[in-house]
Structures are given as C-alpha cells and as structure tokens.
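Below is one structure, written out as structure tokens; comments come after it.
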Amino acid sequence: MLLRAPGYHPTAAPLSPREALSSAWRETLHLLFRPFNGRRWLRLSVMCLFLGGGTSTAAFQWGFSVLPVEVHPSQILLRVRPILAAHFSLIVLAGVLSVGLVVVLLYARCVLRFMLVDAILGPGAHLRAAWKKLERPGRSYFFWLAGVLGTLIVVILGLAVVLVPYLRAAREAGDPSWLASLLLVSVLAAIIVVGLLVAVVITLTDDLVVPIVYAKRTSLPAAWREVWSIGSRDPGTLFFYIVLRFAMSMFIGVAVLAFLFPVLMGLSSGPIVAAALVVFALRLVGLAWTWNLLTIILGGLALLLLTLALFALLSVAGMPGQVYLQNLGVRFIGSRVPALEAFARPSRSVPRW
C-alpha cells in the first residue's frame with residue numbers, strides 16, 4: 001500500500017515530457033547526492049550493470065576494446081570450428097550453455113528492473129531483500145519479454161526458411177537479379193522496422209509499465225492496457241516522450257563515453273607500463289620472462305583483475321544515466337496514474353538505504 005506524505009496534493013495537470021525531464025533531474029540528484037551514500041551507489045551500480053541499453057551498452061562495447069589484449073572473434077572461431085566439428089557433443093554443450101546464459105541474464109534483467117524502480121520510488125532495500133520482494137513481478141516480466149523476443153526470433157527464422165529456397169529457385173530459373181535483391185532488401189527493411197518497434201515496446205515497458213506494476217501490484221497486461229489508454233487519449237505527447245527518451249539515451253551515452261575516454265585510456269596503458277617495468281626489472285636481476293604454467297596463471301589473474309576493474313568502472317559511470325532515464329519514465333507516467341501521483345511530487349525526505 002502506498003502512503004502519501006502529509007500535506008501532499010495531487011498534481012493539477014500531467015507533466016509534459018519536458019517537465020518530466022527537469023523533474024527527473026531533480027529527483028536523480030536527490031537520490032544520488034543528497035546525501036551521497038557509497039553503499040547506495042554500489043547497489044545501484046550492481047543493478048544497472050545487468051540492465052544494459054541506453055547508456056551503458058555502447059560504453060561496455062567500446063570500453064572492452066581498450067583492453068591490452070587483442071581479441072579477434074573470427075580467428076577464434078576458425079580455430080574452434082574444427083574442434084567443434086570433430087566433437088558434436090561440444091556443439092550441443094556450447095549451445096545449451098549459451099542459451100542458459102542468455103536466459104539467466106534476461107531473468108536477472110527483468111527482476112533488476114523492478115529493483116531499480118523500487119530504489120527510485122520506495123525507501124530502498126538491500127539487494128537480497130529487494131530481490132526476494134520483487135522476484136514475482138520480475139518473473140512475470142521475464143515470461144512476457146521471453147515471449148516477445150521468442151516470437152520475433154520465430155518470425156525471422158520463418159522468413160528465412162521461406163525465402164532462402166525461393167531465392168535459390170529464382171536464381172536457378174534465371175530470374176532477374178534485381179528482383180531477388182529487391183525482395184531481400186525489403187525483407188531486411190521489414191526486419192529492421194520490426195526490431196525498432198520491439199525496442200520501443202521494451203523501452204515503454206521498462207519506463208512506464210513497470211512502475212505501474214510496481215505501484216499497483218497489477219499484472220503486466222493490465223498495466224499495458226492502462227498505458228495504451230493514456231497514449232490513445234494523447235498520442236502526440238506519448239510520441240514526443242518516445243522521441244525525447246531515445247534522444248536523451250543517445251546524449252547520455254555520448255556523455256558517458258566522453259567521460260570514460262581519458263579514464264579508460266589510463267586504465268589500458270597502466271597495465272602495459274606495469275608489465276614493461278616487470279620485464280625490465282627481471283632483466284636487471286638476470287632473469288627473463290617466459291611463458292610457462294606459472295606465468296600463464298599470473299597473466300590470467302592480471303587480466304581478470306583488469307576486466308573486473310573495467311566492469312566496475314563502466315557500471316559506476318553508466319549508473320547515473322540509467323537512474324535518470326528510469327526516473328524520467330516514472331515522472332512522466334506518475335503524473336497520469338492515480339496510484340503513482342505520490343511519486344510525481346518534489347523530492348521526498350524518506351531516508352534511503
């Protein structure tokens with residue numbers, strides 16, 4: 001049950017997307033800096049580490065490219081392919097492990113999305129307690145999201161099964177090449193459009209539907225019907241929110257990358273300098289660095305520590321942007337749903353964590 005603070009009065013009018021921007025900014029500053037709490041930052045960073053999208057995905061993709069180890073997926077695939085071809089069981093095992101990892105990460109993402117909303121709207125709780133409290137709605141979100149993504153994959157695979165034999169037959173029959181090219185381009189364009197629509201649907205679910213489910217303890221379809229009803233009454237405002245939301249996501253992503261550039265350059269060059277100093281020191285005492293079991297273990301541990309440091313850095317740097325974007329959705333939809341009106345008011349004095 002949601003409790004309203006004394007002296008609270010419902011907002012006179014729903015917030016526009018621009019007003020939601022400023023309101024989300026104030027609430028994000030209040031959550032992260034007033035007062036600053038290291039534990040709160042750590043917990044929010046752990047949550048946002050697995051959420052991805054918007055601000056952190058590009059930062060992760062670019063950040064790992066600065067590791068002092070060149071990874072070439074094509075070369076790795078060429079080396080692994082003969083081994084997998086000779087052992088079919090390895091192919092099955094790799095496939096099962098890959099699917100299992102994707103499912104686990106997707107499940108964690110759904111529960112952590114509710115935990116992030118809880119950190120913004122509620123008093124906040126320890127990660128374990130918040131997980132137990134919000135695992136049930138997160139599980140329902142997981143099944144819904146898995147259904148959406150599964151349907152998209154099935155549609156794409158179905159198109160491939162239907163079109164590949166047709167294109168092969170058309171080429172053997174001597175049909176004009178431009179006809180096959182036009183068909184292929186049309187299918188790719190349709191897949192891109194459908195992918196964008198799915199991205200918009202998932203974004204709206206994260207931003208608008210999840211807060212309603214959290215506040216009203218309702219089902220995901222019921223919350224979606226409420227959002228659909230709100231959007232149908234004022235489609236222009238909802239469309240402007242979507243455009244503004246993706247624009248802010250891109251802007252924050254660029255800002256995070258700009259902030260991380262000098263830090264990651266130092267993080268990548270530091271281990272190289274340290275390794276060079278170790279090799280130089282060994283030569284001064286008459287020793288030479290050679291790769292054996294011990295040095296391989298030491299090198300692996302060093303790379304593991306560097307990767308963990310990079311994970312921590314990227315999660316902390318991307319966390320404020322994730323919190324702000326979630327706050328933006330909460331402020332926008334919160335002024336339109338009675339059960340969320342209490343969360344559209346100015347900063348609260350409720351202690352957090």
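Every number in this text was worked out from the coordinates using simple rules, so none of it is lab data. It should be emphasised that the depicted structure is a prediction, and the values quoted were computed from it without experimental measurement. Positions of Cβ are generated from backbone atoms using ideal geometry, with glycine treated the same way; all protein chains shown enter the neighbour counts.
Label-to-label distance, LEU127 versus ARG39, with points set 7 angstrom from Cα along the beta-carbon direction: 1.4 nm.
When each of LEU159, LEU134, LEU204 is scored by the number of other beta-carbon atoms lying within 10 Å, the sequence from fewest to most is LEU159, LEU204, LEU134. When each of PHE50, PHE33, PHE332 is scored by the number of other beta-carbon atoms lying within 10 Å, the sequence from fewest to most is PHE33, PHE50, PHE332.
With a Förster radius of 22 Å, plug the Cβ-Cβ distance of LEU304 and ALA281 into 1/(1 + (r/R0)^6) and report the FRET value to the nearest 0.05. Once rounded, the FRET efficiency stands at 0.45.
Packing here is the average count of other Cβ atoms within 10 Å per residue, and on that basis the peptides 239-248, 300-309, highest first, run 239-248, 300-309.
For LEU152, put the label point 7 Å out on the Cα→Cβ axis and report which residues of the stretch 186-200 keep their amide N under 12 Å from it. Residues 191-200 fall inside that zone.
For the pair PHE259 and ALA222 in one chain, pulling the backbone fully straight at 0.36 nm per residue adds 9.3 nm over the alpha carbon distance.
Fewest Cβ neighbours within 10 Å first, please rank ILE120, ILE156, ILE297 accordingly.
ILE297, ILE156, ILE120
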